[in-house]
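The structure appears right after this line, and notes come after that.
The values are calculated or read from the model by the stated rules, or taken from the named source; none is laboratory data. Model, not experiment: these values are computed from the prediction. In case anyone asks, the SASA skips ligands and DNA or RNA and just uses the protein heavy atoms, side chains included. Shrake-Rupley method; radii C 1.70, N 1.55, O 1.52, S 1.80 Å.
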Amino acid sequence: PWQRRLQMDDWPAAFRQEVDWVVGAAMLARRDALEEIRQTDAVGPFDESFFMYSEETDLCYRIKQAGWRILYIPEAVVIHYEGRSSSQVVAARDIHFYRSKIRYYEKWFGARWAMLLRLFILWNFRSQVVIEGAKWLLGHKRELRAKRIIAYRQALASKFRPAERTPSTQSKQ
């Protein structure tokens, strides 16, 4: 039920409404709102500490904190081929996705919630390795199971900690 509520699956798609965030590929924003929430050390309105994923959620959160509204407008139609490039590198996609979620939690809810989220994600990935391993042992789609196990192990090896900062990314900060 909480997932359905988060995804707003209980609302009709044709219903115009205020929401917490929208997908970045389908986002339009007032320049005044973006200027108001721009961080002093940033080039644009987005928080550059998010490499990929969650940057639009963070942006929408800051816009709402500044008193603006985020609206879902069903009459607007956007075609977005979501995940086409990232689906080619599953482990990297998962690492970036969950690092960004953890970064978002750390930024807005504190280090403790970020740590709990990281532990939950790690537990979930370990569980998936066990489940995929059992399916592999049973002979079910072994090639697929082997690929998934490799991807999950690569993601686990990252521990979903922030990426190492290079000299070029440090100079931006």
Length gained if Gln7 through Arg153 is fully extended, taking 0.36 nm per residue and subtracting the Cα-Cα distance, is 49.7 nm
Rounded to a whole %, the carbon-and-sulfur portion of the accessible area of region 16-129 at a 1.4 Å probe is 55 percent
Karplus ³J(HN,Hα) for region 117-124 (6.51 cos²θ - 1.76 cosθ + 1.60, θ = phi - 60°; Hz, whole; x = Gly/Pro) runs 5, 4, 4, 4, 5, 4, 4, 4
Projected area averaged over all directions for the convex hull of the alpha carbon atoms of the chain, nm², comes out at 12.7 nm²
Using the Kirkwood formula on alpha carbons, the hydrodynamic radius of region 32-129 in angstrom works out to 15.6 Å
Computed over the chain, the relative contact order (Cα-Cα under 8 Å, seq sep at least six) in percent reads 20 percent
Proximal lysine pairs in the chain, meaning Cα under 28 Å and 8 or more positions apart or interchain, come to 13
